[in-house]
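To start, the structure under review is shown below, and the notes come after it.
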Amino acid sequence: MASAFKKITLDTPKEEVLKILKEDAGVIIKGMLTPDQVARFNADVQPQMDKIPAGSSKTNEGAQDFHGANTKRLTNLVTHSKTFREEIIDHDKVHQLAHAILSPWCDTYWMGTAQVIEIGPGNKAQPLHRDFENYMAFKEMGIKAPDVICNFLIALSPCTEENGATRIIPGSQNWPDYDDRGTPEMTVAAELEPGDALFFTGKIAHGGGANVTTDQYRRAVAFTFNLGWLVPEEAYPFVVDMELVRTLSPRVQQILGFRSFTADLYGLPGLWQVNYEEIADYIGLNPPR
């Protein structure tokens with residue numbers, strides 16, 4: 001049986017965290033959010049969660065299995081939650097960890113997707129997968145590929161083995177064949193208390209667990225970051241209202257695509273620009289020069 005990820009706190013020294021990530025490609029962060037933040041975030045999203053149906057809008061069976069027949073997924077969280085946009089995705093620890101994984105390959109990164117995932121009673125286990133699979137060329141490179149994506153999953157309710165805690169296969173980042181996603185018998189449940197976070201790279205095989213309870217709902221928020229030169233899952237510049245964007249920190253504006261990708265470390269001119277200038281100037285996020 002594979003061992004579970006190691007656990008750290010927000011006070012764990014950076015050097016120790018980097019050592020764990022190098023060995024395990026993932027870690028559990030205890031108390032990433034405070035009880036007050038969890039409560040406020042749940043309150044922010046509850047009206048929208050009440051409106052959306054469980055299940056998938058996709059017609060193919062594979063997507064339906066992946067999304068879950070009794071699972072709700074709420075996206076566009078930047079719009080729906082002040083707590084999310086101002087405190088969660090602007091959290092210093094979030095960016096310290098994302099930078100540790102992604103900075104060897106770029107100066108800046110995008111938020112790929114962010115969604116509240118609520119697994120309801122009777123939902124079967126999600127098919128095992130690697131987030132890395134979004135970018136097929138790197139998937140084919142397997143273990144030799146750079147880390148192009150990382151994932152945070154923060155518990156908004158107790159996440160237990162019985163109610164659908166995410167199941168992982170520690171060590172699967174080192175397998176020679178990334179077409180091999182493992183089997184359910186190889187997984188362990190990443191049990192989390194509200195506010196705890198599971199952080200892992202895109203190379204880890206994982207999937208939402210089965211909810212075998214009759215009355216419990218497992219709620220968590222998952223958000224990913226990918227290298228700034230890869231297309232994200234969600235098209236935030238077409239979704240988030242500009243008046244809201246103007247209220248966000250420059251760091252959050254950056255990860256949503258309202259500022260240009262920089263590559264100063266490599267002496268490159270950058271990407272996502274207008275006339276080779278910073279897009280934030282063009283759309284009026286910066287004061288006139």
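Miscellaneous remarks
- Identity of the residue in region 134-157, touching a residue at least 60 places away in the same chain (Cβ under 8 Å), farther than 16 Å from ILE28 by Cα and among the hydrophobic types (A, V, I, L, M, F, W, C), that ends up surrounded by the fewest Cβ atoms within 10 Å (Cβ to Cβ): ILE143
- No other residue among ILE154, ILE101, ILE143, ILE169 is closer than 30 Å to VAL212 by Cα, modelled with pLDDT under 95 and of a type in the set (Val, Ile, Thr) apart from ILE169.
- Qualifying residue in region 58-81 (condition: at pLDDT below 95, within 17 Å of the chain's Cα centre (by Cα), over 26 Å from LEU244 (Cβ atoms) and surrounded by fewer than 15 Cβ atoms within 10 Å (Cβ to Cβ)): no
- Residue list for region 87-102, filter: assigned to a loop (DSSP other than H, G, I, E, B) and surrounded by fewer than 20 Cβ atoms within 10 Å (Cβ to Cβ): ASP90, HIS91
- Subset of region 118-133 [surrounded by 21 or more Cβ atoms within 10 Å (Cβ to Cβ), touching a helix residue (DSSP H, G or I) at 6+ places or on another chain (Cβ under 8 Å) and either assigned to a strand (DSSP E or B) or of a type in the set (S, T, N, Q) (or both)]: GLU118, GLN126
- Which listed residue, of ALA155, ALA145, is out of contact with any strand residue (DSSP E or B) (no Cβ under 6 Å at 6 or more places or on another chain), among the small types (Gly, Ala, Ser) and on the phi < 0 side of the Ramachandran plot: ALA145
- Subset of region 263-285 [among the small types (Gly, Ala, Ser), within 17 Å of TRP110 (Cβ to Cβ) and modelled with pLDDT of 90 or more]: ALA280
- Within region 141-170, considering residues that are among the polar types (S, T, N, Q) and outside any strand (DSSP E or B), the one farthest from GLN216 (Cα to Cα): THR166
- Which listed residue is aliphatic (A, V, I, L, M) and within 25 Å of ALA43 (Cβ to Cβ), from ILE255, ILE279: ILE255
- Of the residues contained in region 223-241, none is found to be in contact with a Leu (Cβ under 7 Å, 6 or more places away or on another chain), under 23 Å from ALA69 (Cβ atoms) and either of a type in the set (Asp, Glu) or not in a loop (DSSP other than H, G, I, E, B) (or both).
- Test: GLN216 is touching a strand residue (DSSP E or B) at 6+ places or on another chain (Cβ under 8 Å) and either in a helix (DSSP H, G or I) or among the charged types (D, E, K, R) (or both): no
- Candidates ILE154, ILE169, ILE119, ILE149, filtered to the one that is of a type in the set (A, V, I, L, M), closer than 24 Å to GLN48 by Cβ and in contact with a Gly (Cβ under 6 Å, 6 or more places away or on another chain): ILE119
- Put simply, of TRP105, TRP110 the only residue that is surrounded by 23 or more Cβ atoms within 10 Å (Cβ to Cβ) and either within 27 Å of ASP264 (Cα to Cα) or among the hydroxyl-bearing types (Ser, Thr, Tyr) (or both) is TRP110.
The values are calculated or read from the model by the stated rules, or taken from the named source; none is laboratory data. Since we're looking at a predicted model, the values are computed, not measured. Quick reminder, even Gly has a Cβ in these numbers, built from the backbone with ideal geometry, and neighbours come from all protein chains shown.
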